[in-house]
Structure formats: C-alpha cells, structure tokens
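First the structure, in the form of structure tokens, and then the observations on it.
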Amino acid sequence: MLLAFDTSSAACTVALFDEDGACVASRDELIGRGHAERLVPMIDQMMSGRRASRILVGVGPGSFTGIRVAIAAAHGLAIGWNAELKGVSSLALLAAGARAKGEIAAAVTGGHGELFVQQFDAATLKPTSDLLNLSPVEAGRATTAQLVVGSGAAPLVAARGWGKAREAWPSAASAHRVPEPLRSLAARPVYARAPDARVSEAA
C-alpha cells in the first residue's frame, strides 16, 4: 500500500492507495495551523493498524513549518515500517486536483508577500515552466495560463488583470495523477528561493 500526505498549505491531507493505484481512503482538513498535532492522528485513523510499504510526502514549496512537519513524520514512519520513501511536488499535487484543460498555473503564497508559482500541462501535468518565486506582479507577467489555482491565485490574477483564480489546496488523493518524475523526489524540502539566513562558506 502507498500512503501519501501533504501539509505544505493550510490543508492537512492524507490518502491511502492499494497496490493497483486505486485510492481506498482519503481525508482533507483545512486547519490553517496545527499540522504537527493533527497529521499523525489522521494517519493513525486511516491506517487502523496497517502498514504501508511506500510513503509519498509533499516536499513543497509552501509553508516552511508545514513541509518540515510532514517530512519529519514521513521519515519516522519509513523507518518504523521499513517503507520506501519519496517526495512529491506540492505544486504538482495542487495542479493535479484542478481537472482543467490547456495549461494550469499553480500559485501559493510564500514569504515577503511573494508567490511560489509553476505552470503545468493540464492533460499530462508535466511542468511547462520552471518553479519560480516572484512578486504577484512578476508572477502575473511570467504566467500565461488562464486558470490559476492555489492560495496565491487571487493576488496573481488581480495583479495581471485577467484570468480565473480558484482558491484550492493540495489533496493527497490526487497523488497518482502526478507524473513519476514529480513524485520520485528526494524527501527533503523544496525551496524556490535561497533561505533568508545563510551560513557563511569558507573561501
């Protein structure tokens, strides 16, 4: 079985898939904060004593704290269950739930009033742009998709003055729609920009 979960946004989302890739259970809760307290009980309720042989964890970009909560839980479960562990792009997971045509831009709020944004082909969910971290105005100039989904959709569409904004959050139930390269990532945080504080490097 495959257990997938993501806490990169205001949502805490968990899904369980059987060996054929069918989603047999899922749960999405919009909690804002408190992922550290809610994630493990959600997983425990869903597993009901079962163990997954594979774990797929959302690695961002998104909430720095939320991403670290999920990754820490994923590593702990992988060790306890001796399970294979991989990461999935949280923006691809967000786009996977849109069920649209053409291109989709996934945009989530980041720090300093900026957005994490990336475009995807709606049919294949393959990226059609790089992962970027930009101001809403810059993100508006960098995107061409009519539909923008995510917590950063409204400011992006407002800044560029056209398109459709749809507030949405990643859902683990969409994990199997994400292309293999974007759900075979290392289980460590994905950052679209360098951390604000850097450790000095030796010359």
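Determine, yes or no, whether PHE17 is surrounded by 15 or more Cβ atoms within 10 Å (Cβ to Cβ), of a type in the set (Phe, Trp, Tyr) and closer than 24 Å to SER151 by Cα. Step through it out loud before you land on a result.
Numbers: surrounded by 15 or more Cβ atoms within 10 Å (Cβ to Cβ): yes; of a type in the set (Phe, Trp, Tyr): yes; closer than 24 Å to SER151 by Cα: no.
So PHE17 fails the test.
Given the condition buried (at least 24 other Cβ atoms within 10 Å of the Cβ) and under 28 Å from ALA22 (Cα atoms), answer yes or no: does some residue in the stretch 155-173 qualify? Quick ask: steps written out before the conclusion?
Here is the first cut: in the stretch 155-173, the residues buried (at least 24 other Cβ atoms within 10 Å of the Cβ) are 156, 170, 172.
With under 28 Å from ALA22 (Cα atoms) added as a condition, the list becomes 170, 172.
Yes, because at least one residue in the stretch 155-173 is buried (at least 24 other Cβ atoms within 10 Å of the Cβ) and under 28 Å from ALA22 (Cα atoms).
Looking at the stretch 57-89, which of its residues are surrounded by fewer than 19 Cβ atoms within 10 Å (Cβ to Cβ) and within 21 Å of LEU115 (Cα to Cα)?
Of everything in the stretch 57-89, those that are surrounded by fewer than 19 Cβ atoms within 10 Å (Cβ to Cβ) and within 21 Å of LEU115 (Cα to Cα) turn out to be PHE64, THR65, ARG68.
Any idea which of (1) farther than 20 Å from ALA168 by Cβ; (2) surrounded by fewer than 24 Cβ atoms within 10 Å (Cβ to Cβ) is the one LEU3 doesn't satisfy?
If we test LEU3 against (1) farther than 20 Å from ALA168 by Cβ; (2) surrounded by fewer than 24 Cβ atoms within 10 Å (Cβ to Cβ), just (2) comes out false.
Which of the residues belonging to the stretch 41-56 are of a type outside the set (Lys, Arg), more than 14 Å from SER90 (Cβ to Cβ) and surrounded by 15 or more Cβ atoms within 10 Å (Cβ to Cβ)? Steps first, answer last, please.
The first filter runs over the stretch 41-56 and keeps only residues of a type outside the set (Lys, Arg), leaving 41-49, 52-53, 55-56.
Within this subset, residues satisfying the condition of being more than 14 Å from SER90 (Cβ to Cβ) are 41-49, 52-53, 55.
If the condition is that a residue be of a type outside the set (Lys, Arg), more than 14 Å from SER90 (Cβ to Cβ) and surrounded by 15 or more Cβ atoms within 10 Å (Cβ to Cβ), then MET42, ILE43, MET46, MET47, ALA52, ILE55 are the ones that fit.
No value in this document is a laboratory result; all are computed from the given coordinates. Please read all numbers here as calculations on a predicted model, not as lab measurements. Using ideal geometry, Cβ is built from the backbone for each residue, glycine included, and neighbour counts are taken over all protein chains shown.
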